[in-house]
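These notes concern the structure reproduced below.
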Amino acid sequence: MSNERAKPWYKSPAWPGLIVATFGVVTTIMILICSSPPADFSVYLNPMEASVQQGGFLTQPIVTVKGVHGYKHQVRLSASGQSSDMIITFNPQIERPTPEYHSAVTISVSRDVPMGDYAIKIKGTGADGKEHTCTYILTVKPKSSMTPSDTSTLKKVVNVSDAFAPGGWMGDSEDITLEDACTDKPHSAPVCIKVSYSAGCSQGKKWAGIYWQYPDKNWGNMPEGRDLTGATRLTFWAKGEKGGEKAEFKVGGITGRYPDSIQPSVATGVVILSDAWQQYVIDLAGKDLSHIIGGFCWVTNKNQNPHGCHIYLDDIEYDP
């Protein structure tokens with residue numbers, strides 16, 4: 001009888017309260033979900049201002065791109081407001097801020113940039129269209145009044161093989177063989193450099209190259225560099241094994257936190273080598289040689305040498 005007289009569960013006095021409480025919890029969760037701020041990112045600089053002489057360069061600021069509320073899109077950095085005679089590069093220029101990434105900015109200023117303050121807008125543009133900017137104030141000051149004889153520190157020829165190490169292998173690096181003490185008819189006895197390229201595309205790049213760097217394997221992540229101020233040119237001798245081999249040769253151009261003072265690199269352009277030794281010259285007059293980490297670079301690709309090549313180098317030198 002007692003069971004028959006028991007009230008149904010839905011008539012229990014506690015049930016209406018439980019329904020109200022549950023509804024309140026669900027409503028609160030929905031409100032929190034619906035009111036959560038959208039995913040976004042922020043961009044800020046450190047420092048926010050600096051000065052540079054005409055003809056100089058800076059390796060600052062550092063741009064920090066920080067993801068907010070789970071932002072997962074790539075953000076590309078760009079600059080505006082600078083003089084047409086300024087070159088601004090970012091390393092890296094595009095990344096995902098998960099949770100954040102840092103980009104080193106290199107600003108190269110030509111000697112002809114007018115003096116004054118420049119409000120440079122650093123903009124981050126997300127792959128979803130979101131944009132954020134911040135302002136960097138760059139003050140350009142008069143170039144040094146020192147004469148060339150005042151600044152010239154290079155008193156003798158500097159041999160690249162003595163001052164730099166061939167540790168910066170690039171592209172299809174497994175396609176490269178380097179013999180830095182080759183005795184096969186060097187230009188200046190007893191040895192020369194022999195670089196072989198197989199064009200095997202071992203890493204799918206279809207190109208390869210080597211930077212002679214200081215210190216070894218320095219991709220702009222080390223503060224050290226060679227001060228070769230006063231050098232007016234880089235000269236080197238080169239030949240191919242058969243003749244007709246193609247390659248390009250460069251000075252400077254490595255970026256990073258502590259980049260080359262020569263930006264961008266100074267290059268020969270693609271040259272066609274003979275099977276006899278020939279001298280090549282890279283003009284460095286007027287270039288900033290105060291911090292050189294990429295002392296010399298050789299680069300080629302499969303299109304230029306579809307069957308590979310053997311290239312000989314010798315007497316790679318900076319001349320006063």
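General observations
- For segment 40-141, the relative contact order is 37 percent, taking Cα pairs closer than 8 Å that sit 6 or more residues apart in sequence and dividing their mean separation by the residue count.
- Convex hull volume of the C-alpha atoms in segment 220-309, normalised per residue: 99 Å³.
- A simple spin-label model places the labels of His307 and Ala127 4.3 nm from each other, with each point 7 Å out along Cα-to-Cβ.
- Take the Cα radius of gyration of segment 149-319 and divide it by 2.2 N^0.38 Å, N being the number of residues; the result is 1.00.
- Cβ crowding within 10 Å, taken as a proxy for footprinting-reagent exposure, orders Ile87, Ile122 from fewest neighbours to most as Ile87, Ile122.
- Semi-axes of the equivalent ellipsoid for segment 40-141, Cα gyration tensor, largest first, Å: 27, 11, 11
- Spatial separation of Cα centroids for segment 69-119 and segment 222-238, in angstrom: 27
- Between Ser173 and Glu100, the contour length at 0.36 nm per residue exceeds the alpha carbon distance by 23.2 nm.
- Packing-based ranking, highest mean first, of 88-98, 256-266 given that Cβ atoms within 10 Å are counted: 256-266, 88-98
- Sequence of Val160, Val299 once ranked by neighbouring C-beta atoms within 10 Å, starting from the fewest: Val299, Val160
- Those chymotrypsin sites (Phe, Trp or Tyr not before Pro) in segment 254-320 that DSSP places in a loop and that have at most 16 other beta carbons within 10 Å: none
- A dipole drawn for segment 154-201 from +1 and -1 charges on Cβ atoms has a positive end, and of Ala165, His187, Gly200 the residue lying farthest that way is His187.
- Counting lysine pairs in segment 163-297 that sit 8 or more residues apart in sequence, or on different chains, and whose Cα atoms lie under 17 Å apart gives 10.
- Counting other Cβ atoms within 10 Å as a rough exposure proxy, the listed residues Cys192, Cys134, Cys297 run Cys134, Cys297, Cys192 from fewest neighbours to most.
Throughout, read-outs are computed from the coordinates displayed, never taken from laboratory work. Keep in mind that this is a model prediction, so the values were computed, not measured. Virtual Cβ from ideal backbone geometry, glycine too; neighbours counted across all protein chains shown.
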